[in-house]
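Let me begin by presenting the structure, written as C-alpha cells, before commenting on it.
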Amino acid sequence: MKRILACLLVLTMVFSLAACDKKDSNDNKATNAPANTTTDAPAASTTNDGEYVSSILQNAVELTLWDIAVEGDGNRPAYDAAMADLKAKYPNVKIVETVTENEAYKTKIKAAVGANELPDIFFTWAGAFLGDFVDAGKVHCLDDVLKKYVDNGELPEAMLGNSTYNGKHYGVPTTMNVVGLFANMDILASVGYDHIPATKEELVDCCDKLVAKGITPFVCAGKETWCVTEYLEPIMEKTIGATELNDIFRNGKTWNNEGIKTSVATLQEYIDKGYFDPNGIALSNDEAKAKFMQGQCAFYQNGTWNCGDFSNPENVKFNVSVGEFPVMDSSKSKAGQLIGGPSDTIAVSEGPNAAAAAEYAVEFGRLICHYGYLKGSGLPAWTPWGDLSEVSPLMKTVTEICNKANGYVLFGDNAMSAEIANIYLEYVALVYGKEIDGEGFVNGLVKEIG
Amino acid sequence: MIRSFPVTPFGGAGKTFSIDWEGIYMKRKSKSHSLAIFLFLLPALILFVGLLIAPIIMSLYYSFFDWNGLKALDPSEDFLGFGNYTILFGERIQFGKALINSLILAALSVFVQLPVSLALALALGKKIKGERVFLSIYFMPVLISTVVIGQLWLKIYNPEYGILNTFLRAIGVLEGDIRWLGEKNLALGAVFAPTLWQYVGYHMLLLYAGVKSVSPELREAAKLDGATDGQVNRFVVIPSIKPIIKVSVIFAVTGSLKSFDLIYVLTNGGPMKATEVPSIIMIRELFLKNKYGVGSAIAVLLILLCFFFAILIGAIFKERDIYGKK
C-alpha cells in the first residue's frame, strides 16, 4: 500500500512538470499560425465625422504590447495618452503592456524573436534592426492597413522608407527624431554668445571661452557608445556630406575615406582641448543628461526626443535652445543635413491576433506621434493634426530646422545590420577613449566591414 | 533460508536441488527498492537533464554553425565546423584577454575573498556575543539584488560626488577626481571589489557551517595540550573543514569564470574592453550581434573551463592515505 502511494506521489510530481508551461497557451499557437494574407484585411468603417473606426477592434481581444517607454522616459506621456484614447474608442480591446529599459530591450526583443515569443505589438527601431526580424519571417506586413493613411495624406510615404523591406511596409513610424545640439543659453550668454554657434569657427571660439572660464562645453556618456555616435556622426556628416555618409552606412561604400579620418581627428582634438567632460567616459546617458539639466555644462548633443524633458520648467531652470551642429567642411557638406529620421517604429508579429494587432498598432502609432509632438518627445512622422498650440517652443525650433533640412542620414547603429553596427560601435568606443586615431578607425573598419 | 528438495528425474539417480528462498526474497526486495529509488529520482533527473544537460548539448551543437538565432538553422548551409572557436581568439573579439580578466578574478576570489571569509567564519565560530547578528550582517550583500549593488557602487565610484573620492579628498589624499570606472588601469580592480565583497558572506556561511561541525572535544584536547587559539584553528579546525574549503574554492573559481551581472551594470566591459569577461562577450555576440554560433562557442568553452578547474581543485585537495598516496 505504501509503495502504491509512493508511486502515485512520484507520478503526480512528474506529471506536474507538464503544468510548468507558459501562462498563456495562445503564445504557442502564434508560432504555428499561418501568416495573414492581404485577403484578410478587415472591413473598415467610419464614424459620421469621417474618422476611421476599425470593425475588427469592436470585438473583444487581448493584445500584448512591449515597449521602452519606462517611467521618466520622454515618450511615456505620449504612450499613456494614446492608450487612453484607444481604450475609449475600442473598450473591448485589452492591452497587456510590458515596459523595458532601452538597452535591455534590445536583448529581450531579439531573444523573443529567436524563441518565437514576440508579443502581438512591439516597439522596434527601423532600418536593419527591424530588417533582421522581417528576414526571419516574424513580422506582419502592414501594407493593407497603412494604405488608407498614405492615400489620404495622413502618413507621408517618405516616412515609411526605413521600415520598408522588399517593397513592403512592416512598421508604423511613431516619431521622427534628429540629433540636436541643445545649449544652455544662460551659460553661452556668459561668454558673449546669444545664439548657438553656427560655424566651426564660432564653435571653437565659444568652447575656448567656456574652457577658459572653467565651464565644460560638452558632456558625452562614454559608457553608452551610442551617445558618442551622437557627437561623431554629426561631425562626419558635416565633414563628408549626407550622401557620402548614407552610402557608407547603408549602401556598402568603403569606410576608407579621408573625411572620416578628419572627423575622428576633429572629435579627438576637441577632447584634447578639454571641450568634453573628462568624467563622461564613465557616465551613463541618464547621468550625462542630468549634468546638462543641472546646468553643469553648456551643450548636450543628443536626440530631439529630449525636447519634452528640456521644455519642462520643473526639470530645467535655465534657458534652453536647440540647433544643428555647425558645418565642418563647407566644400562637401552644408547646413540642413541632419542625422536622424523616422526610426522609432511600432511593428506587429505574425500570429493569430495579427489582423487586430495591425489595426491597433497603426492607430496607436498615429496617436503616439500626435501626442509625442504635442508633449515634445519627437517630431511628427505623421502629418500634424488638431490643436498644436501645446507644442513647445523647443519642438517648434526643431520643426523649423527639419523644414529647412535637405538631407537625412539614419543613425548608424540603426542603419547598419546588427553585426556591422556593433563592430562600428566598438571602434567608436576606442576613438572616444583615444585608443585609436582616425587612421586606426578607418583601417579597422575597412578590415572588418569593408 | 535454503530449502532442499529431492528430485528424481526419469531414469536418473536422485538429485537434490536447493532453493535459496531468502536470497530470492532479498533480490526481489532489492529490485523493488531500486524501482522506488528510480521513481523518486525521476523528477529531479528530468529537470536536471532538461534544464542543464540538454541546453549544454544544444549549445555545443549551435557552436558549430554560423546562425543568427532569428531564422531557422540550415545545417547544410550554416555549418562552420570549428570556425567559431578560431574567431574567438582572433584580434576582434579578444577572448583571451577577457579570459585572463576572469582568471584574475578567480585568483582574487581564492586568495583574498576566501581567506577573509574563513577568518570571519573562524571568528564567528567561537560562540561570540552577537554571533547571529554578525552572521546576518555579513550575509546581507548576498541577498541584495546584484543590480541594486551595482547601482550602489556606481554612486560610490562617481568621480564628482561619490563617497570614495569625497572621502579621499577629505583626508587630503586626493585633489581632483579619480575616474574609478573610467580609467583603463583602474576599472578592473574597481569592478572586482564589489564582486568580491558581495560573496564574502556566502563563503563565510559555508565555512561557518563547517567550523561549527568540528567536534568540541578536538578543540578541548588541543587546548589541553597547550595550543593557542590560532594553533587550534590552524592544526585542528582548518584541516577538519578541508572538504568544505574545497567546495568553496570550486564555487569561487567557477563563479568567477561565469561572472557577468555586476560587471555589466558597472561598466558593460568598458572602458575600451578593460573589464571585459567571457560572459560579457557572450551576451554581446548573442544578443547584439546575432552571432549565436560564437556565443554558443563561448558557453561551451566556459563549461569546459569550469570542469577543468573543478577536477584540478579536486585533485589538489585529494586526501592522502596512510602510505602518503592520493
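The values are calculated or read from the model by the stated rules, or taken from the named source; none is laboratory data. Note that this is a predicted model, so its numbers are computed, not measured. Virtual Cβ from ideal backbone geometry, glycine too; neighbours counted across all protein chains shown.
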State yes or no: is residue A:338 outside any loop (DSSP other than H, G, I, E, B) and out of contact with any strand residue (DSSP E or B) (no Cβ under 8 Å at 6 or more places or on another chain)?
-> no
Name the residues in region A:290-323 that are surrounded by fewer than 18 Cβ atoms within 10 Å (Cβ to Cβ), without any contact (Cβ under 8 Å) to a residue 40 or more places away in the chain and hydrophobic (A, V, I, L, M, F, W, C), would you?
-> A:290
So residue A:128, is it within 14 Å of chain B (Cβ to nearest Cβ) and within 16 Å of the chain's Cα centre (by Cα) | yes
Note: among A:405, A:381, just one is over 23 Å from residue A:133 (Cβ atoms), more than 13 Å from chain B (Cβ to nearest Cβ), aliphatic (A, V, I, L, M) and not in a helix (DSSP H, G or I), namely A:405
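Here's the yes/no breakdown for (1) assigned to a helix (DSSP H, G or I); (2) assigned by TED's automatic domain parsing to the domain that holds residue B:282; (3) buried (at least 18 other Cβ atoms within 10 Å of the Cβ):
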position: B:41; (1), (2), (3): yes, no, no
position: B:55; (1), (2), (3): yes, no, no
position: B:97; (1), (2), (3): yes, yes, no
position: B:104; (1), (2), (3): yes, yes, no
position: B:120; (1), (2), (3): yes, yes, yes
position: B:149; (1), (2), (3): yes, yes, yes
With the first residue restricted to region B:61-82 and required to be farther than 16 Å from residue A:419 by Cα, and the second required to be in a loop (DSSP other than H, G, I, E, B) and acidic (Asp, Glu), Cβ contacts under 7 Å at 6 or more apart or on different chains are B:78/B:66; B:80/B:66
Out of region A:273-322, which residues are assigned to a helix (DSSP H, G or I), more than 17 Å from the chain's Cα centre (by Cα) and small (Gly, Ala, Ser)?
-> A:280, A:282, A:288, A:290, A:311
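Would you mention how many residues in region B:173-216 are in a helix (DSSP H, G or I) and over 13 Å from residue B:237 (Cβ atoms)?
23
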Here are A:440, A:372, A:365: which of them is farther than 23 Å from residue A:304 by Cα, part of a helix (DSSP H, G or I) and either touching a strand residue (DSSP E or B) at 6+ places or on another chain (Cβ under 9 Å) or within 14 Å of chain B (Cβ to nearest Cβ) (or both)?
-> A:440
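Does region A:207-222 hold any residues that are within 14 Å of another protein chain (Cβ to nearest Cβ) and outside any strand (DSSP E or B), and which are they? First the steps, then the outcome.
Of all residues in region A:207-222, those within 14 Å of another protein chain (Cβ to nearest Cβ) come to A:214, A:216, A:219-222.
Within region A:207-222, A:214, A:219, A:220, A:221, A:222 qualify.
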Only listed residue being within 23 Å of residue B:154 (Cα to Cα), among the aromatic types (Phe, Trp, Tyr) and either over 26 Å from the mean Cα position of the chain (by Cα) or surrounded by 21 or more Cβ atoms within 10 Å (Cβ to Cβ) (or both), chosen from B:260, B:192 = B:192
Any hit, region B:51-74, residues being away from chain A (no Cβ under 11 Å), of a type outside the set (D, E, K, R) and under 30 Å from residue A:2 (Cβ atoms) | no
Do we find a residue being away from chain A (no Cβ under 14 Å) and either among the β-branched types (Val, Ile, Thr) or part of a helix (DSSP H, G or I) (or both) anywhere in region B:286-293?
-> no
Count, please, the residues in region A:179-218 that happen to be closer than 17 Å to residue A:295 by Cα, buried (at least 18 other Cβ atoms within 10 Å of the Cβ) and touching a helix residue (DSSP H, G or I) at 6+ places or on another chain (Cβ under 9 Å).
-> 15
